[in-house]
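See below for the structure under consideration.
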């Protein structure tokens, strides 16, 4: 009798456990049981009993049965917590009603944290040619509800000769830049930024820039189903530029007021996991002398190798319409290196 009762209790426990399991029914007719996690973008994190951890696109789900609680963030920045969010025929359902996605910014918005990367490229030749090339690129950023902070650092060095004794520096440059954005609405923001740089080969003892302006975040990790994830913003403003040249062009001002235009593009292709393409451009003409201007642009790609390590390939171009005497206006750098991203 005791044995029968024990088996009955065990069967009841198993039945209760099965009843408590979350269930996803796909539009294809397949049924998965397990544990529903958070929504990420337009996909559900799901721990399947049979297949393990996976991301299931919401538009592939016919129905989701789960009591898990979620956070809904609306475009007006308000939030609702502990909401039961399910899925019906590819649409989100809250409290039995279809959710109006035009009013929603995110479901289960990511935890605000620091993100960044460090990339290093190095080349060394010995023999008929003596060469050392080194590049270090680093960036860090964080996004809060109404604010965003970004900082970048770059160091470039190269020396070339036929031996260690006759080697000469051909590149010796470093720069550091930071910017703070404050969002007054979902897309519109104001910014303050600053940059300091030195370039011995270009004849720049130092250049200091301080600026402010406004920007518009046209796309912020927008998931286009047919192509991938896009981010794009544009900025306009003003700046004060102070430069100390080794040999100054008599027509160049030591300091001046400048206008500023910039845009930034990031793209993660749908068909290439771990790949990110980026492009940045900045144009700064002197307010009272449009023939004097600074311009910088880059285009590049990063691709994940293993864990959080990636490969970066990048082209940088800079132009100074009035360089130090005896120096060229244009500098182009080709960079290939390894990095760590978090």
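Exactly one condition in (1) surrounded by fewer than 13 Cβ atoms within 10 Å (Cβ to Cβ); (2) outside any loop (DSSP other than H, G, I, E, B); (3) over 25 Å from the mean Cα position of the chain (by Cα) is false for residue 59; which is it?
Every listed condition holds for residue 59 apart from (1).
Say whether the condition of being within 21 Å of the chain's Cα centre (by Cα), surrounded by fewer than 16 Cβ atoms within 10 Å (Cβ to Cβ) and not assigned by TED's automatic domain parsing to the domain that holds residue 220 is met by at least one residue in the range 32-40.
yes
Which numbered condition trips up residue 85, out of (1) farther than 17 Å from residue 315 by Cα; (2) in contact with a strand residue (DSSP E or B) (Cβ under 8 Å, 6 or more places away or on another chain); (3) assigned by TED's automatic domain parsing to the domain that holds residue 201?
Just one mismatch for residue 85, condition (3).
So, in the range 287-342, how many residues would count as being farther than 24 Å from residue 202 by Cα and in a strand (DSSP E or B)?
So the count comes out to 14.
Please find, among 39, 46, the residue that is closer than 24 Å to residue 187 by Cβ and not in a loop (DSSP other than H, G, I, E, B).
39
Hey, among 172, 76, 139, which residue is in contact with a strand residue (DSSP E or B) (Cβ under 9 Å, 6 or more places away or on another chain) and not assigned by TED's automatic domain parsing to the domain that holds residue 206?
76
Which of the residues belonging to the range 236-271 are at pLDDT below 95, within 30 Å of residue 222 (Cα to Cα) and loosely packed, with under 15 Cβ neighbours inside 10 Å?
269, 270, 271 - these are the residues of the range 236-271 that are at pLDDT below 95, within 30 Å of residue 222 (Cα to Cα) and loosely packed, with under 15 Cβ neighbours inside 10 Å.
In the range 63-116, how many are on the phi > 0 side of the Ramachandran plot and more than 28 Å from the chain's Cα centre (by Cα)?
Matching residues across the range 63-116 total 5.
Can you say whether residue 157 is surrounded by 13 or more Cβ atoms within 10 Å (Cβ to Cβ) and either more than 24 Å from residue 312 (Cα to Cα) or touching a helix residue (DSSP H, G or I) at 6+ places or on another chain (Cβ under 8 Å) (or both), as far as the supplied structure shows?
It is false that residue 157 is surrounded by 13 or more Cβ atoms within 10 Å (Cβ to Cβ) and either more than 24 Å from residue 312 (Cα to Cα) or touching a helix residue (DSSP H, G or I) at 6+ places or on another chain (Cβ under 8 Å) (or both).
The values are calculated or read from the model by the stated rules, or taken from the named source; none is laboratory data. None of these values were measured; they are calculated from a predicted model. Cβ: placed from backbone, ideal geometry, glycine included. Neighbour counts: every protein chain shown.
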